[in-house]
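Everything below concerns the one structure shown next.
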Amino acid sequence: MAATYQWWGEYGASGSPTTADLGVSGNLFNFKTSNSLASAADYTSYPITAGNNSYEVWLKGHFTASFNKIQNAKFWKSAGGPDSGIGIKMTGITTAYVTPTTGASTLATADVPTASPGTANVSFGGDLGGSISAAGFSDFITMQMQTTTAAAAGDTSTYTFTLTYDEN
């Protein structure tokens, strides 16, 4: 049997975050100025103004069903953008959730790759070479949309983020 995969999100205060399986496709989350669960309906209520940042978004890969090993997780932006004046930053090696910030993230500091990276950039158990052998999670993929004053008004492009992994 093969592993089953879904995106997992955490939002809210550290110590008592709200958690949810977000599914595998569609509008699963939005960058916005609200530290709340993803919702396609409310992102317009919490716009990011040019020169400011979104709240950090905290995602994980959630693996269920039966499998031998999941390893070599790679995360990238596979479609959308680039939008002038907008950068999307990330890290894939955070093991512990902390309350998201709209200040410049001290975790999400690398540009999200725009093609599949050559090596793993999402860890398991704090190790990019790590793996899981039973139902569980990758470490957090922490992202933040950061804008400059050159960002255009209105909606940004729709982005597609991809997580691939080896299963054996």
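No lab work stands behind these numbers, since they all come straight from the coordinates. Not measured: the values here are computed from a predicted model. Positions of Cβ are generated from backbone atoms using ideal geometry, with glycine treated the same way; all protein chains shown enter the neighbour counts.
Determine the equivalent ellipsoid of region 4-167 by diagonalising the alpha-carbon gyration tensor, then write out the semi-axes as square roots of 5 times the eigenvalues, largest first, rounded to whole Å. Provide the component values of the computation, followed by the final result.
Working: eigenvalues 137, 56, 42 Å².
Semi-axes from the Cα gyration tensor: 26, 17, 14 Å.
I93: net charge of surrounding residues, Cβ under 9 Å, Lys/Arg +1, Asp/Glu -1, itself excluded? If you can, show how the numbers build up before the last one.
Numbers: positive: none; negative: D127, D139.
That works out to -2.
Calculate, for A110 and A135, the FRET efficiency according to 1/(1 + (r/R0)^6) with r their C-beta to C-beta distance and R0 35 Å; round to the nearest 0.05.
Between A110 and A135 the formula returns 0.75.
Can you give the net charge of the other residues whose Cβ lies under 14 Å from the Cβ of D166, counting K and R as +1 and D and E as -1? Walk me through the numbers before you get to the answer.
Details: positive: K69, K74; negative: E167.
Charge balance near D166 sits at +1.
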